[in-house]
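Data first, discussion second: the structure below is written as C-alpha cells.
Computed from the coordinates by the stated procedures, all read-outs in this text should not be read as laboratory data. Keep in mind it's a predicted model, so treat the numbers as computed, not measured. So basically every Cβ, Gly included, is an ideal-geometry build from the backbone, and we count neighbours across all protein chains shown.
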Amino acid sequence: MPNDEFPALVSAMKRAAGAMRDAEVPFVLAGGLACWARGGPQTDHDVDFFLKPEDADRALAALVDAGFRPERPPEGWLLKAYSEDDALVDLIYAPSSGEITDELIERAEWREVMAVRMRVATLEDVMVSKLLALNEQEPDFSSVLELARMLREQMRWDEIRERTESSPFAKAFFTLVEELGIVERVPA
C-alpha cells in the first residue's frame, strides 16, 4: 500500500541525522524507521531518534539550525521538531523503557539508511520501547503485531519477554503472538 507521507519522513530523517552528526550529538534511529531499515513496513507517523537526556537540547538546537521548527511538549521524555513540510521528528531521551544510555547507543548497529550512515536501534530495543509504552489509554497492539509478523525471525524474543515481564500489556501481547503462531510458546 503506498504511503504518501513516507518520502517526507525519509527526507526529514536524513536531514535530522545529518544535522545531529554535524553537531556531534550521539543518536540512534529508533521506532518505525529502525524497523523499516531492517525490512519492516513503511511508517507514516514520525521519525524517532533515541539520544541521552543530556544531549536533547543540543540535538534540538542542531535541528533548528537545519531549518526545523522546535516544540517542547510537556511530557518530559521527548522533544519535537517539524520539517518545513511538517514531518515530525521525535527526539526521545526517556521512553517508558527507561532513559537512553551509552549502552543502548553502543549496541545499536551502524547501517546505511537511504545513503546516510547512522546507528539503528536493535529490534529488541524498539519492541521493548513499544511494548512498555502500551497503557490503558493507548492499548493498541496493531503496530507491535505487524512488526512481530514481519520481523519475527530477526528478534530475540526471550530478551524482549524478559525486559517487559513487568507489563500486563506485554504479557497480553505475548499471549496474542503465541496464540497466532507468530512466536513460539514458552513452556509452562
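Values as computed for the structure displayed
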| read-out | value |
| --- | --- |
| Computed lengthening from Glu112 to Arg149, 0.36 nm per intervening residue step minus Cα-Cα distance | 10.9 nm |
| Over segment 122-188, relative contact order from alpha-carbon pairs under 8 Å, at least 6 apart, % | 39 |
| Bridge type composition, segment 1-121 - antiparallel percent by DSSP, nearest 5 | 75 |
| Selected from Gly67, Ser11, Phe173, residue furthest toward positive end of dipole (the chain; charges at beta carbon) | Ser11 |
| Spatially proximal aspartates and glutamates relative to Lys171 (Cα-Cα < 19 Å; intrachain offsets below 8 disregarded) | Glu124, Asp125, Glu136, Glu138, Asp140, Glu146, Asp158, Glu159, Glu162, Glu179, Glu184 |
| Sorted by Cβ density within 10 Å, fewest first, the residues Thr164, Thr101 | Thr101, Thr164 |
| Under Karplus coefficients 6.51, -1.76 and 1.60, residue-wise ³J(HN,Hα) of segment 24-38 in Hz, glycine/proline x | 6, 9, x, 8, 9, 5, 10, x, x, 6, 5, 5, 4, 5, 10 |
| Candidate lysines for bridging to Lys14, where Cα separation is under 21 Å - those fewer than 8 sequence places away on the same chain excluded | Lys52, Lys80 |
| Under the Karplus curve 6.51 cos²θ - 1.76 cosθ + 1.60, θ = phi - 60°, whole-Hz ³J(HN,Hα) for segment 14-22, x wherever Gly or Pro sits | 4, 5, 5, 4, x, 5, 5, 4, 5 |
| Value of [θ]222 nm, deg cm²/dmol, for the chain, DSSP H segments ≥ 4, -39500 (n - 2.57) each, nearest 500 | -12500 deg cm²/dmol |
| Burial ordering of Lys52, Lys171, fewest other beta-carbon atoms within 10 Å first | Lys171, Lys52 |
| Correct choice for Rg/Rh (Cα atoms, Kirkwood Rh) that was computed from the model, options (i) 1.11; (ii) 0.96; (iii) 1.02 | (ii) |
